Amino acid sequence: MKKIAVIAVLAAVIIGICFAFAGQGGERPSGENASYLRVHIRANSNSETDQAVKYRVRDKVVEFLTPTVADCATKEQAIAKIGGKLDEISAVAERELRANGYTYGAKASLRTEQFPTRVYDGVTLEAGVYDALILELGTGKGDNWWCVVYPPLCFTGGNANVIYKSKIAEIIRKFFA
């Protein structure tokens with residue numbers, strides 16, 4: 001009887017993991033897309049104030065995530081470490097929101113979603129399905145900020161002007177060395 005219970009629990013966990021990454025239409029990343037883990041921080045709205053606080057939250061979340069994924073050798077390791085800290089990521093975002101006078105919450109999740117092509121300073125991520133850490137601030141209906149958590153290409157800035165965070169620049173140099 002205990003063996004059946006253990007098998008049932010394991011099956012439930014496996015099914016839960018599959019549903020967690022089911023995303024839209026159940027598609028899985030393929031080709032080069034499968035090697036990336038993206039992060040998207042979605043603002044509550046496109047108002048100036050919601051967009052401004054999104055960047056403050058971004059700074060705190062990147063600061064929190066950097067040591068979490070710094071030693072990950074694979075995307076799967078990064079997913080496992082981040083997956084174990086979703087509540088903490090949400091809490092980091094919510095603390096920053098409250099510190100800036102916002103009462104709406106934040107919700108972090110790991111999902112598989114369709115994304116458009118993005119190009120920054122010679123780094124192109126083609127349109128397609130990607131695994132991603134999604135952090136929704138409030139309604140999550142505003143413009144987002146994104147980067148790549150694995151491989152560690154996480155950066156800030158816009159269009160062709162890329163400014164690497166100091167710890168992240170170090171990780172990138174190690175990754176491509």
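Read-outs: derived from the displayed coordinates by stated rules, not from any lab. Quick caveat: nothing in here was measured; it's all calculated off a predicted structure. Note: ideal-geometry Cβ built from the backbone for every residue, glycine included; neighbour counts use all protein chains shown.
Structure notes:
- Inverse of mean 1/r across different Cα pairs in the stretch 26-146, Kirkwood, Å: 14.8
- Net charge of neighbours whose Cβ lies under 12 Å from the Cβ of Ile79, counting Lys and Arg as +1 and Asp and Glu as -1: +3
- For the stretch 55-62, putting each phi into the Karplus relation 6.51 cos²θ - 1.76 cosθ + 1.60 with θ = phi - 60° gives couplings of 6, 5, 4, 3, 4, 5, 5, 4 Hz, in residue order, rounded to whole numbers and with x for Gly and Pro.
- Panel values: the stretch 59-126, Kirkwood radius from alpha carbon pairs, Stokes-Einstein at 20 °C and 1.002 mPa s, translational diffusion coefficient 154 µm²/s.
- Along each principal axis, Cα extent of the stretch 102-154, largest first, Å: 38, 21, 20
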